[in-house]
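K.L.:
Could you have a look at this structure, given as C-alpha cells, before my questions?
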Amino acid sequence: MLFRLGRIYDSHDDALSLLAWLQEIKRNPQLFATIPDQVQLDEDLALVGKRDPLIKKLICLRGNFIAHINWEHTAGRIEIKRDHYMLTWEEIDLLIARASEVLNRYSVLFNRSIWSMQIVGSDDYKAILKAVRSDLKRWDAKNAHEIRRATGTPRKVASKKRKER
C-alpha cells in the first residue's frame, strides 16, 4: 500500500503521479468541459507537492525503505518506528483521502464521473436489517392476534403481558 501511495505522490518530472497530472491540467485547461478553478488548482498542487510535510515523509519512507534500500540507513540500523520516516495510520488515511478528493475534483470536471472510496452496496445490510425488523413486528402482531383469539384475552391485556416480558 505504501509503495502505491508513494507512486501517487511521486514528485519526479517523469513520474505518472498526481502532481504531474495536476501540472498537465494547469497547462491544458481547455480539455475540460468546465474550466478548473485556478486558485483551487494551485492549492491542490501544494497539497500533493513535495513541500508538504506529510508528502515529504511518505517520499522519504518510500525512497529509503520501500522502493529502494538506502544502505546508510540499513547499516545504521535506523528503525522506521522511531525515526522521522514513520507514518501513522491516520496520516496514511489522510493521504488516501486527499488523493481521492483531488482526483474526484478534476475527474468530475473532465468526464463528469467520480471514484468512490466505498464498495457499491456496502450499506446493503441496513436494508436487510430493516426488512427483518419489519417482518419480526408483523410476525409478533400475528402471534399476538392468534394468542388473543385462542385464549379469548382482550387486546389490551395481551399487549400488556407482552410488554411485561
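The values are calculated or read from the model by the stated rules, or taken from the named source; none is laboratory data. Computed from a prediction, not measured in an experiment: that's the story for all the values here. In this analysis, Cβ positions are derived from the backbone assuming ideal geometry, glycine residues included, and neighbour counts consider all displayed protein chains.
K.L.:
For segment 19-29, state whether one or more residues are modelled with pLDDT under 85 and either within 15 Å of Ala99 (Cβ to Cβ) or under 25 Å from the mean Cα position of the chain (by Cα) (or both).
P.N.:
no
K.L.:
Give me a count of the residues in segment 44-53 that are assigned to a helix (DSSP H, G or I) and within 18 Å of Leu103 (Cα to Cα). Break it down stepwise before answering.
P.N.:
Filtering segment 44-53 down to residues assigned to a helix (DSSP H, G or I) leaves 44-48, 53.
Imposing the further condition that a residue be within 18 Å of Leu103 (Cα to Cα) reduces the set to 44-48.
So the count comes out to 5.
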